[in-house]
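The values are calculated or read from the model by the stated rules, or taken from the named source; none is laboratory data. Nothing here was measured: the structure is a model prediction, and the numbers come from that model. Cβ: placed from backbone, ideal geometry, glycine included. Neighbour counts: every protein chain shown. Ligands, DNA and RNA are stripped out before the accessible areas are found, and what is left, the full protein with its side chains, is counted by its heavy atoms. Shrake-Rupley method; radii C 1.70, N 1.55, O 1.52, S 1.80 Å.
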Amino acid sequence: MSPISTKKHGDVLVVTSNNPPVNALGHAVREGLVAAIEEADGDDEVKAVVIIGEGQTFFAGADITEFGRAMQNPMLPQVVDIIENCTKPVVSAIHGTALGGGLEVALASHYRVAVASAKLGVPEVKLGLLPGAGGTQRLPRVAGVQKALEMAATGNPIGAKEAYEIGLVDRLIEGDLEQHAVAFAEEVREIRPLPKSSERQDKVEPYRTDRSVFTDFRKANERKFRGFEAPYANIQAIEAAVDKPYAEGVLTERQLFLQLMTGTQARAQQYFFFAERRAAKIDGIPEGTQPRMGKRIGVIGAGTMGGGISMNFLSAGIPVTIVEMAQDALDRGTGVMRGNYEASAAKGRISPGQAQAAMGLLTPTLKLDDLADCDLIIEAVFENMDVKKDIFAKLDKIAKPGAILASNTSYLNIDEIAAATSRPEDVVGLHFFSPANVMKLLEIVRGAKTAPDVLVTAMALAKRIRKVAVVAGVCHGFIGNRMLMPRQVEATKLLLEGATPEQIDRVHVGFGMPMGPFQMADLAGVDIGWHRDPSRIENVRDALCAADRWGQKKGAGFYDYDERRNPTPSPVVEKIIEEFRVKEGVEKREIGNDEIVERTLYTMVNEGARILEEGMAQRASDIDVVWVYGYGWPVYRGGPMFWADTEGLDKIVAGLERRGFEVAKLLREKAEAGEKFTR
Ligand code: 3HC
């Protein structure tokens, strides 16, 4: 049965799409839409058409699962032209999201009405693409060039109210959407000529002579778009909308679309779209497992981590009880949180009312006993097994039955922590990344005895606080930090052998990482994990710590920093490295960039393979999600495991062997079988 059905309301033909979950514009939908327009054109009784979506949303875009396969006619560019050329006025009635191809359908319609909660956008850039069904040409004509640039090049949607203000939506609907859309269609049924987006010139014309909007936009977003191809193609296509007649502009759009579609970046970004969604699926959970309650959260520790973790829940409207040991630490912690909210309000990211409401949900206390009514308690104290065990033993006595007991440890053994309680099935790791209120990633660490409904609850809560969660097994450093270790070890060895921090960081930044290993160490603190004994100097890091070079916070680390935190290479560090080199008897030599890649990136892939082999990650794509969201791995390279596949696993194996590393069994097997980690 076709997902498109039609029915008449008086002389308005209502075309309804029912293609759950998101009304993607797959082949059957496209075919149905064309048939519906033909029906409207051929029926004298029909005076106007309303296109509407059933379920949670209007069309959320092209069907991404069709990408990379042979597409069947009619293609979306044809469909939208057929809609625009309908001889009766077509009204798109939008609720939920009109995204990508969905917005292109709406733009090809003669009118658009929407409920206030609807969102409209062209997120193709996030899939490494551009709107390929006339969107780059119609959107600037309707929404204006500046707005079209912002929407297309960033992929961020706008709300219906804003869309109404800029003329992208003709009317905001309160109440029943279909009913009001039909009434609107009745109102406009006689208006001729039909308003066609493709024919509009008023909003693009002024830019033919003044190009500053494009140069300014490129410049303002230089950092954000670094390394990506799609944002620039989007800008170029919108420039074509200004420079060329519509019929020629769409040809430029098509050419750019095909160019992107056949490139590696689009493949990586589309892979990642599904990787992110697969990560939410937990293996081995009995069907129908229901989440436990998550109405009140307890957080132990009001330091940077505890405060950041709490803010996630408060912002989502979930009350938090936060515990500290001393009043001054508690005051300091809550003060930082309040300050963060006030700063967000000052920047206009949230309203002062929202900031106040969030803080109003916070209950600070010095008593662990006050956690008795919490459904989930997250311990966020410093990394010490004895301290954590002691806290969990106490929680065991305080927490109500069924409460989930979580540790925010980044390395420690969750099973050992769980064993300090009489209810290990209720214990789970929730590893947030710093700053916890900003970073999207959450590693959910599944202990040997963690109950399925605990995992389901953790995943559901992660979604509520807008985190992307990945399930990891119990091992040192879980997925992310475990893979960071070989990179760190090799990067430090490379220093002794002759590479400089700048050279190594440059290779990583050139690769697309937001920063290199040494920039990251300086930002996080060179002193993390330091034994705190200045007389015990066993490596370069110890020497830096002993010399008070703890990173950015001290104005000196692997780099020197000025008062504005601009880094410069440090002669002191160079001397420290030189001294170590002599002490260790290492000979200085020229290090090539390819060696840096092989020793610091191939080794990560190797560790990723071991993580998979041991079942510490459910799937290779989960590892990629960790690295993109936790460490800023460039999404246009898909993640370390996808990247390894694109490099070729035999090449990775050869590189590792050349540098004397033991190759992980799974990596070797896959390379020999000509297989990939990801599909
Ligand atoms: N095609 C195919 N499947 C899609 C899809 C799409 N465009 N959008 C979402 N889905 C699937 C998801 O994979 C997921 O499947 P699963 O349940 O099997 O994991 C399911 O629909 C639900 O998606 P979410 O979990 O993401 O649901 P949410 O409610 O959180 O979000 C959404 C809904 C905002 C619509 C979000 O899914 C989204 O952003 N989708 C992508 C939108 C998009 O990128 N559109 C542009 C497509 S490209 C295009 O249109 C090209 C054109 O210009 C030619």
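Out of the residues in the range 68-83 that are in contact with a helix residue (DSSP H, G or I) (Cβ under 6 Å, 6 or more places away or on another chain) and open to solvent by 10 Å² or more (accessible area, probe 1.4 Å), state the one that is modelled with the lowest pLDDT.
The residue in question is Gln72.
Mind checking which pairs have a first residue in the range 136-151 that is in a loop (DSSP other than H, G, I, E, B) and a second that is open to solvent by 10 Å² or more (accessible area, probe 1.4 Å), Cβ under 6 Å, 6 or more apart or different chains?
Gly144/Lys203
I'm trying to understand the selection: among the residues of the range 338-367, which are in a helix (DSSP H, G or I) and either of a type in the set (Gly, Ala, Ser) or in contact with a strand residue (DSSP E or B) (Cβ under 6 Å, 6 or more places away or on another chain) (or both)? Show your work before the answer.
First pass over the range 338-367, keeping only residues in a helix (DSSP H, G or I): 338-346, 352-360.
Gly339, Ala343, Ser344, Ala345, Ala346, Gly353, Ala355, Ala357, Ala358, Gly360, listed by residue number.
Taking Gly175 and the conditions (1) of a type in the set (Gly, Ala, Ser); (2) part of a loop (DSSP other than H, G, I, E, B); (3) away from the ligand (no atom under 14 Å from the Cβ); (4) in contact with a helix residue (DSSP H, G or I) (Cβ under 9 Å, 6 or more places away or on another chain), which numbered condition does it fall short on, given that it satisfies the others?
Gly175 satisfies every listed condition except (4).
For every residue, the table says whether it meets (1) closer than 19 Å to Leu130 by Cα; (2) modelled with pLDDT of 95 or more; (3) β-branched (Val, Ile, Thr).
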| residue | (1), (2), (3) |
| --- | --- |
| Glu190 | no, yes, no |
| Phe217 | yes, yes, no |
| Ile235 | yes, yes, yes |
| Ala240 | yes, yes, no |
| Phe273 | yes, yes, no |
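Looking only at residues in the range 30-50 that are touching a helix residue (DSSP H, G or I) at 6+ places or on another chain (Cβ under 7 Å) and more than 16 Å from the ligand (Cβ to nearest atom), which one is farthest from Val188 (Cα to Cα)?
Going through the qualifying residues, I end up with Ile37.
Can you list residue pairs whose Cβ atoms sit under 9 Å apart, with the first residue in the range 60-78 being within 24 Å of Ser109 (Cα to Cα) and within 12 Å of the ligand (Cβ to nearest atom) and the second being open to solvent by 30 Å² or more (accessible area, probe 1.4 Å) and small (Gly, Ala, Ser)? Count only pairs 6 or more apart in sequence or on different chains.
Leu76/Ala62
Among the residues of the range 646-679, write down those that are charged (D, E, K, R) and either surrounded by 21 or more Cβ atoms within 10 Å (Cβ to Cβ) or under 21 Å from the mean Cα position of the chain (by Cα) (or both).
Taking the range 646-679 and keeping what is charged (D, E, K, R), we get 647, 650-651, 657-659, 662, 665, 668-670, 672, 675-676, 679.
Within the range 646-679, Lys670, Arg679 qualify.
Looking at Gly510, is it in a helix (DSSP H, G or I) and either modelled with pLDDT under 95 or within 30 Å of Val635 (Cα to Cα) (or both)?
Answer is yes for this residue.
Here's a check for you: in the range 85-109, which residue that is out of contact with any Phe, Trp or Tyr (no Cβ under 7 Å at 6 or more places or on another chain) and open to solvent by 10 Å² or more (accessible area, probe 1.4 Å) is nearest to the ligand (Cβ to nearest atom)?
The qualifying residue nearest to the ligand (Cβ to nearest atom) is Leu99.
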